[in-house]
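This report refers to the structure that appears directly beneath it.
Readers should treat all values here as calculations from the given coordinates under stated rules, not as data from a laboratory. What you are looking at is a predicted structure, and each value in this text was computed from that prediction instead of being measured. All Cβ positions, even for glycine, are placed from backbone atoms using ideal geometry, and neighbour counts span all protein chains on display.
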Amino acid sequence: MDAKPCMDSLTVKNSHVLPPDTNSHGTLFGGKLMAYIDDVAAIAAVRHCRKPVVTASTDSVDFLQPVHEGDAICLEAFVTYTHNTSMEIFVKAITENLLTGERKVCTTAFLSMVAVDENNEPTPVPPVYPESEEEKWLHNGAQKRHEHRKARRKESKELAEKFGTGLPWSNN
């Protein structure tokens, strides 16, 4: 498979923050923002590999700035790194006060997506290469993030095995 530049997968999504999207503080529900993040990351991943994808993990999502009702939210995503069947996608979300034009980064996140075949089995993805300084910076740190995800996934599996499907106090 031929390698592709990071920007081939660039995906941009804009939404107007309306009252049904907000909590009692008049700010965007965190879960709504996380759904936007997952959606834009999936589109970027499919653009890169041209195959169906599933979300394998989402790294921490830190809410840096509130997104107010009436603001616009703009999400940008692109593939920063690939490893066999998985892709790391960087997502940046920017809130914009549409009346003043003030823009702020409200969150950043990394997601791991896995390409799947017609049997929902993992399938290889093309390599990706960075071009800009920012892309190179993200790409250079990707292997460390990949190893961290692997360790975190192992710990999650151990927790799932230890606690099972029953309530913690029921021993089931």
Please find, in a Gaussian network model of the chain (springs between Cα atoms separated by less than 10 Å), the residue of Pro20, Pro122, Pro130 whose mean-square fluctuation is greatest. Pro20
Charge dipole (region 4-163, unit charges on Cβ, about Cα centre) - positive-most of Leu28, Val40, Val54: Val54
Which residue, Leu98, Leu28, Leu138, has the most motion in a Gaussian network model of the chain that connects Cα atoms within less than 10 Å? Leu98
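Once every DSSP H run of n ≥ 4 in the chain is given -39500 (n - 2.57) and the sum is divided by its residues, what mean residue ellipticity at 222 nm do you get, rounded to the nearest 500 deg cm²/dmol?
Computed mean residue ellipticity for the chain: -9500 deg cm²/dmol.
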What pairs in Lys13/Lys150; Lys51/Lys92; Lys92/Lys150; Lys13/Lys144; Lys104/Lys144 have C-alpha atoms more than 26 Å from each other? Lys13/Lys150; Lys13/Lys144; Lys104/Lys144
Sequence-distant or interchain residues sharing an amide H contact under 5 Å with Thr80, placed H: which? Glu88, Ile89, Phe90
For q = 0.13, 0.19 Å⁻¹, what log10 I(q)/I(0) does the chain give under the Debye formula with an equal point scatterer on each alpha carbon and no solvent? -0.72, -1.17
Per-residue ³J(HN,Hα) for region 100-107, Karplus 6.51 cos²θ - 1.76 cosθ + 1.60, θ = phi - 60°, Hz, x for Gly and Pro: 9, x, 5, 10, 9, 6, 9, 6
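Return Thr95, Thr22, Thr165 ranked ascending by Cβ neighbour count within 10 Å, so the fewest neighbours appear first. Write down the numbers at each step before the final one.
Numbers: Thr95 23, Thr22 19, Thr165 6.
Ordered by Cβ neighbours within 10 Å, fewest first: Thr165, Thr22, Thr95.
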Spacing of the two label points (7 Å from each Cα toward its C-beta) at Leu99 and Leu159, in nm: 4.1
Give the cross-link partners of Lys4 among the aspartates and glutamates, using a straight C-alpha distance below 12 Å as the criterion and excluding same-chain residues fewer than 8 apart. Glu131
